[in-house]
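Everything below concerns the one structure shown next.
Every number here is computed from the coordinates shown, using simple stated rules; none is lab data. It should be emphasised that the depicted structure is a prediction, and the values quoted were computed from it without experimental measurement. Ideal geometry is used to build each Cβ from the backbone, glycine not excepted, and the neighbour counts take in all protein chains shown.
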Amino acid sequence: MTVEATAGAVSRTQPKIANELLKSRVGAAMWFLLPMLIALAIVAGWPLLRTIYFSFTNTSLSSLYTGEWIGFKNYLNWTTLKSGRTVFSGLLVDPAWWNAVWNTVRFAVVSVSLETVIGMIVALVLNAEFKGRGIVRAAILIPWAIPTIVSAKMWSWMLNDQFGILNDLFLRLGLISHKVAWTASADTAMTAVLIVDIWKTTPFMALLILAGLQMVPKDVYEAAKIDGVHPVKVFFKVTLPLVRPAVMVAVIFRLLDAMRIFDLIYVLTPNSASTKTMSVISRENLFDFDKFAYGSAQSTLLFLIIAVMTALYIWLGKVRFDGGDR
Amino acid sequence: MKMKSLIAALLASATLGVVAAQAADLAVVSGDTGNGLEFLRSQLDRFEQETGNKVTIVPMPSSTTDQFGQYKLWLAAGNADIDVYQTDVIWAPQLADQFLDLADAAKDVVGEHFPSIIESQTVNGKLVALPAFTDAPALYYRKDLLDKYGKSVPKTWSELAATAKEVQDGERAAGNADMQGFVFQGNAYEGLTCDALEWVKSYGGGQIIEADGSISINNPQAVAALEQAKSWIGTIAPQGVLSYQEEESRGVWQLGNAVFMRNWPYAYQLGNGDDSAVKGKFDVAPLPAGEGEGARSAATLGGWNVAVSKYSKNPDEAIKLALFLSSKDVQKERAIKQSNLPTIVALYDDADIAESQPIIPNWKEVFQNAVPRPSAPAKVKYNEVSSLFWSAVHETLSGKGTAAENLELLEAKLTELKGDAW
């Protein structure tokens, strides 16, 4: 994808360049990219292919090398009972799996929508000229810089019902009348995960949108100002269309990330069916239970779901990664 | 490829054997809670002096579920970095292939331990792990508060609920708004399986899967037990108990904010520490019984063992370490300093232990009647069984469906999981 985009950009901006020069440039680029491609093939490609292979076998974690090929049985299998009734089993008819898919999608949609809105607001504030802007821009990135597992653990202590600082604070302010057990029930636990996720990733969103905002030419705003256009209208008619490509790219990055959420859920919520996401459930099958192949099938499907969603999003949203708009 | 590296490792250990016998670098994992790591270190220092080996502790999360996932991964990858594992009593059937047989090395000492524990660690004639200590939970109660309100130690769960409610409300009215009646382990993890198995068993509701492999969990007594437990949430137990593991409940207890607590013996020593708000104010009793036919006090059998990885580069020294950690000496120290129950029969008559930890001699009976989790009949599927069980219980406690509905569903899922045989 990167190679295509670069090559595409080169040929589009300088269409008349000599064919030979272009060829040697692309050739050189390939050589520079080669170490990276090899590294990617080793750390990403090979494990991915191996996981897909495992999903068609009956491998277990204690016998990694002796699994036998069983075709699609991990995905869908059926047996006909003596009574003539046919019973289906496998991942595609596993309610626990589809429940996890639904949990993940719901989480991804809610968190990414909120992050986009809040990130946009933060970016607009940071785009304005004010004293100490550099420091604020750096400071706002701190939540993003903390490793997720650390911030999850930190928040789990802050949210603790008996010793947590949040309950103490809210009680003193009179916002709540008794200590709330944030992470105990599945509903509030999911809200807690959302809050922490938004706290953590809004800076990332804001930064990407800010980069888009700074590309918007100043004279457009001046023209709008001279015409006396209302600022709200300026935002929707001028700013938003111009930063749209940047927002779309930011959203897809976050969406990919949110679809494979694991650490926050693992640390913050009770291990119950109503909060399990795709990654959590496949890890459980891979390592905790004796179902390595089944877990591999779940990982494969997780990969496919994300791939399809991304493709749809790029196609429907007309996203382009070279900064232009279709 | 695997064979080759195995042979290579064997050759290497054989050639290095002479040197290694002098001094080896060993690593042992520990997910111990409280001051367990400090204690382990002090014992390892002794081992280092005696044998000249160097032992590093690799600290792990305290949740047994988290530990298991990590260990399984390491063992599957043939990781040689860890020599000695501390294993939960339920793991033996699932990890048996990855550990060395200790039967030969321990043939002189196995007779000292309780036969039932040795049996639980023996899989198809192979002694997978040596017991380090055993565990059976207790009901911790506040002597001072029960005296203040003129109550006796509850013998049944409904007595416990009534007493807890009265003391909790009285204390709250007196100004301690944080007072809770009862804390236990309600998070959805292996600990909830232990707690809930006790409730079910105490009501005469069986033990999820019986020794012959039949699934017994869907019965009226089990339903009654879970309904009783559900009635505690938000009344005598805080809503937050649904996210508590051992250490969270001990936190509430040790700050003096609970009348009753269900926990393992390790909390006894810590509760009597100098930094504890409940020092000298509490005692322990067997867990209450349920009601109805077959009701009795029930305690889930816990306990930790030491096993030697078959991928260890210094198997001989590692076995020495495992023998040391399960030895009478260390178990005695462990009993005195950590209030962990020994697995060596003779130690229950030991005068030093009786003097410093009077709870231990009394506990012999409790733990001999303890209920094992169904890890033996469920074999490699135990983790999944346990996960299904604790999920059903957690759903019930959080008010998602009644106990009857959830247990019926659980029975169906277990039957499907069982297939033709466990």
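Out of residues 5 or more away from B:Val58 or on other chains, whose amide H comes under 5 Å of its own, with H placed 1.01 Å from N in the peptide plane?
So B:Val58 has HN proximity to B:Val28, B:Val29, B:Ser30.
Per the Kirkwood definition applied to all pairs of different Cα atoms, how many angstroms is the hydrodynamic radius of the protein assembly as shown?
Values: mean 1/r = 0.0341 Å⁻¹.
Across the protein assembly as shown, the inverse of the average 1/r is 29.3 Å.
Per residue and in cubic angstrom, what volume does the convex hull of the Cα atoms of the range B:52-177 have? Display every interim value, and only then the final one.
On the way: hull volume 27.6 nm³, N = 126.
Expressed per residue, the convex hull around the Cα atoms of the range B:52-177 is 219 Å³.
Please list the non-local residues whose amide H lies under 5 Å from the amide H of B:Phe182, H modeled 1.01 Å from N, same-chain partners needing a gap of 5 or more.
Amide H neighbours of B:Phe182: B:Ala237, B:Val259, B:Phe260.
Please express the shape of the range A:31-182 as an equivalent ellipsoid: the semi-axes are the square roots of 5 times the eigenvalues of the C-alpha gyration tensor, given largest first in whole angstrom. If you can, show how the numbers build up before the last one.
Values: eigenvalues 407, 168, 57 Å².
One finds semi-axes of 45, 29, 17 Å for the range A:31-182.
With the radius of gyration and the Kirkwood radius both derived from the Cα set of the range A:54-115, what is their ratio Rg to Rh? Kindly include the intermediate steps, with their values, before the conclusion.
Details: Rg = 17.0 Å, Rh = 14.4 Å.
Rounded to two decimals, Rg/Rh equals 1.18.
With both bridge residues required to lie in chain B, what share of the DSSP beta bridges run antiparallel, to the nearest 5%? Present the calculation step by step, with values, prior to reporting the outcome.
On the way: 24 of 37 bridges.
Taking every DSSP beta bridge with both residues in chain B, the antiparallel ones total about 65 percent.
Counting only other chains, what is the mean number of Cβ atoms within 10 angstrom of the Cβ of each residue in peptide A:283-291? Don't jump to the answer; show the numbers that get you there.
On the way: counts 1, 5, 1, 4, 8, 10, 12, 8, 4.
Counting Cβ atoms of other protein chains within 10 Å of each residue's Cβ and averaging gives 6.
Given the C-alpha centroids of the range B:70-91 and the range B:163-224, what is the distance between them in whole angstrom?
31
Given Cβ point charges of +1 (Lys, Arg) and -1 (Asp, Glu) and nothing else, what value in debye, to the nearest 20, does the dipole of the protein assembly as shown about its Cα centre take? Numbers along the way, then the final one.
Numbers: 65 positive and 74 negative charges, 650 e Å.
That gives the protein assembly as shown a dipole magnitude of about 3120 debye.
Measure up B:Lys143/B:Lys379; B:Lys107/B:Lys337; A:Lys153/B:Lys379 against 30 Å on the Cα-Cα distance and list the ones that go over. Kindly include the intermediate steps, with their values, before the conclusion.
On the way: B:Lys143/B:Lys379 42 Å; B:Lys107/B:Lys337 28 Å; A:Lys153/B:Lys379 33 Å.
Pairs exceeding the cut-off: B:Lys143/B:Lys379; A:Lys153/B:Lys379.
Using only atoms on other chains, find how many Cβ atoms lie within 10 Å of each Cβ of peptide B:237-246 and report the average. List each step's numbers first, then the result.
Working: counts 0, 6, 9, 13, 3, 9, 14, 6, 0, 0.
Going residue by residue through B:237-246 and averaging, the value is 6.
Please work out the Cα center distance from the range A:111-169 to the range B:27-56, rounded to the nearest Å.
Between the Cα centres of the range A:111-169 and the range B:27-56 lies a distance of 41 Å.
At q = 0.18, 0.20, 0.26 Å⁻¹, what base-10 log of I(q)/I(0) does the Debye formula yield for the range B:282-330 when every alpha carbon is treated as an equal point scatterer in vacuo?
Evaluating at q = 0.18, 0.20, 0.26 Å⁻¹ gives log10 I(q)/I(0) of -0.70, -0.77, -1.00.
Where Lys and Arg each count +1 and Asp and Glu each count -1, what net charge lies around A:Thr79 among other residues with Cβ under 11 Å from its Cβ? Show your work: numbers first, answer last.
Details: positive: A:Lys73, A:Lys82, A:Arg85; negative: none.
Once all neighbours under 11 Å are counted, the net charge is +3.
Average partner chain C-beta neighbours within 10 Å, per residue of B:390-400?
Working: counts 3, 7, 2, 0, 8, 4, 0, 3, 7, 1, 6.
Counting other chains' Cβ atoms within 10 Å and averaging over B:390-400 gives 4.
Just name one of B:Trp253, B:Ser30, A:Ser111: the one whose Cα is farthest towards the positive end of the charge dipole of the protein assembly as shown (beta-carbon charges, Lys/Arg +1, Asp/Glu -1).
Value: A:Ser111.
Per residue and in cubic angstrom, what volume does the convex hull of the Cα atoms of chain A have? Can you show the working numbers first?
On the way: hull volume 78.9 nm³, N = 326.
Output value, Cα hull per residue: 242 Å³.
Apply the Karplus parameterisation 6.51 cos²θ - 1.76 cosθ + 1.60, with θ equal to phi minus 60°, to every residue of the range B:26-41 and state each ³J(HN,Hα) to the nearest whole Hz, in sequence, with x for glycine and proline.
10, 10, 10, 8, 8, x, 5, 10, x, 9, x, 5, 4, 4, 4, 4
Which percentage, to the nearest 5, of the DSSP beta bridges contained in the protein assembly as shown is antiparallel? Before the final figure, lay out each step's value.
Working: 30 of 43 bridges.
Around 70 percent of the beta bridges assigned by DSSP in the protein assembly as shown are antiparallel ones.
Compute the distribution of all C-alpha to C-alpha distances in chain B, in bins of 10 Å from 0, and list the percent of pairs in each, rounded to whole numbers.
With a bin width of 10 Å, the distribution comes to 5, 21, 31, 25, 13, 5, 1, 0.
Calculate the dipole size of chain A relative to its Cα centre from +1 charges on Lys and Arg beta carbons and -1 charges on Asp and Glu beta carbons; express the result in debye to the nearest 20. If you can, show how the numbers build up before the last one.
Values: 29 positive and 20 negative charges, 111 e Å.
Approximately 540 debye in magnitude.
With unit charges on the beta carbons (Lys and Arg positive, Asp and Glu negative) and the dipole taken about the Cα centre of the range A:91-325, which residue among A:Val234, A:Asn160, A:Phe287 sits farthest to the positive side?
A:Val234
Under 5 Å between amide hydrogens, which residues at least 5 positions from B:Thr156 or on another chain qualify, with H placed 1.01 Å from N in the peptide plane?
Correct list: B:Ala289.
Hey, can you rank A:200-206, B:259-265 by average C-beta count inside 10 Å, highest first? Don't skip to the end; give the middle numbers.
Numbers: A:200-206: 23.3, B:259-265: 26.1.
Peptide ranking by packing, descending: B:259-265, A:200-206.
Rg(Cα) of the range A:181-224 divided by 2.2 N^0.38 Å?
Cα Rg divided by the expected 2.2 N^0.38 Å: 1.96.
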